[in-house]
Amino acid sequence: MTVSCHKSSIVLLTSAWLVIAQSSGWAQDYAYDPADVESRRTAFVDKLVREHDFEREFLVDILAQARIQQSALNAISRPAERVIPWYEYRDIFLNQPRIEAGANFWVEHEQLITDTSERFGVEPEMILAIVGIESLFGERMGTYRVVDALSTLAFAYPPRADFFAGELEAFFQIYAEDGPTVLDALGSYAGAMGAGQFIPTSYRAYAVDADGDGRRDLWQNWEDILASVANYLAVHGWRSGQPIAVRAERGTGPVIAPGNRLGLNTSVGSLRVQGYEFTADLDSDLEAMLVTVERDDANTEYLVGLNNFYVITRYNRSVKYALAAVELSEAIAAAYRELRP
């Protein structure tokens with residue numbers, strides 16, 4: 001999972017980036033200052049006692065048990081050596097096992113998926129594509145205790161300490177709202193949690209207690225998980241039944257170079273004037289973004305992303321992520337139709 005100041009703030013913190021970044025070896029370990037860790041931890045406890053009425057002894061005890069994770073520091077401090085092209089990125093997520101898993105999951109949870117889709121107005125295949133990319137339908141939700149990961153980055157990584165201290169604060173608020181089991185929850189090295197990989201602020205803002213049991217469980221409760229992903233997309237403006245992206249071709253007139261900038265920064269009509277033609281009939285006043293798609297080393301295509309494409313980039317601020325979600329959703333839907341003709 002973004003996106004306002006929530007999930008979109010962690011583009012490089014998702015499982016997608018972790019797969020890419022680990023493709024090359026790490027260099028020297030990131031060094032942190034133990035004295036700085038203790039100072040930041042103390043200030044954090046003081047803040048939560050003062051602002052949220054937590055018991056100091058409880059916070060001190062929990063944080064004393066939290067372990068600094070060197071691998072998390074290494075991961076966040078060393079970006080991938082290169083930006084991989086789309087066709088390599090695509091291969092990570094668009095593969096037959098993942099597609100078949102999505103179709104089988106749809107069959108297994110058919111009524112729940114239908115109900116969730118209708119409730120939030122988001123197509124079922126898109127909900128499944130997000131869960132498929134983020135956690136392979138719940139199979140890969142992370143191996144770090146969330147409290148360890150967030151404590152590590154809040155107290156031992158000064159470049160992003162304020163951001164992660166805010167996430168750790170939200171994590172303790174989730175504890176107060178949803179119960180103590182969250183303290184042992186596992187997630188990514190950056191604190192993204194559950195099958196939809198929500199960071200704590202996104203969890204608090206968008207997670208849904210769909211079954212009304214009094215807690216939002218994004219690890220085991222598929223009713224809550226699917227509703228939360230759908231809610232995230234719906235809140236950020238998903239429009240059911242509308243196209244997500246269509247192929248664009250350069251015409252004979254003057255053209256602008258696509259920049260792959262996030263945001264609906266142009267319109268279909270403007271792109272037509274500037275020399276682009278589309279493979280579908282689109283209203284000229286539709287807001288749009290023009291993106292490139294590298295099919296291989298020699299072939300580049302153009303797509304015009306519309307409102308729903310932009311909404312996907314609110315879940316993860318990456319054009320490649322949105323492209324993967326669109327193509328995976330289409331592949332899952334096709335595989336599902338073969339199982340349910």
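The values are calculated or read from the model by the stated rules, or taken from the named source; none is laboratory data. As the structure is a computational prediction, the values presented were derived from the model and not from experiment. Don't worry about glycine lacking a Cβ; one is built from the backbone with ideal geometry, like all the others, and counts go over all protein chains shown.
Just a few scattered comments:
- Only listed residue being out of contact with any Lys or Arg (no Cβ under 9 Å at 6 or more places or on another chain) and surrounded by 20 or more Cβ atoms within 10 Å (Cβ to Cβ), chosen from Gly191, Gly241: Gly191
- Cβ-Cβ under 6 Å pairs, at least 6 apart or on other chains, region 201-216 side assigned by TED's automatic domain parsing to the domain that holds Gln173, far side surrounded by fewer than 23 Cβ atoms within 10 Å (Cβ to Cβ) and part of a loop (DSSP other than H, G, I, E, B): Arg215/Gly179; Arg216/Asp209
- Helices (runs of 4 or more DSSP H) completely within region 61-180 that count 2 or more residues being of a type outside the set (D, E, K, R) and assigned by TED's automatic domain parsing to the domain that holds Ala205: 70-77, 146-155, 161-178
- Among the residues making up region 146-189, those that are of a type in the set (D, E, K, R) and under 17 Å from Gln220 (Cβ atoms) are Asp178, Asp184.
- Filter result (buried (at least 19 other Cβ atoms within 10 Å of the Cβ) and closer than 21 Å to His236 by Cβ) within region 106-122: Ile113, Thr116, Ser117, Phe120, Val122
- Ala103 more than 20 Å from the chain's Cα centre (by Cα), under 30 Å from Val293 (Cα atoms) and buried (at least 16 other Cβ atoms within 10 Å of the Cβ): yes
- Pairs meeting the criteria (first residue in region 278-301 and outside any strand (DSSP E or B), second residue of a type in the set (Asp, Glu), beta carbons under 7 Å, at least 6 apart or on different chains) are Arg295/Glu301.
- Scanning region 135-147 for residues that are at negative phi and surrounded by fewer than 19 Cβ atoms within 10 Å (Cβ to Cβ) yields Glu139, Arg140, Thr143.
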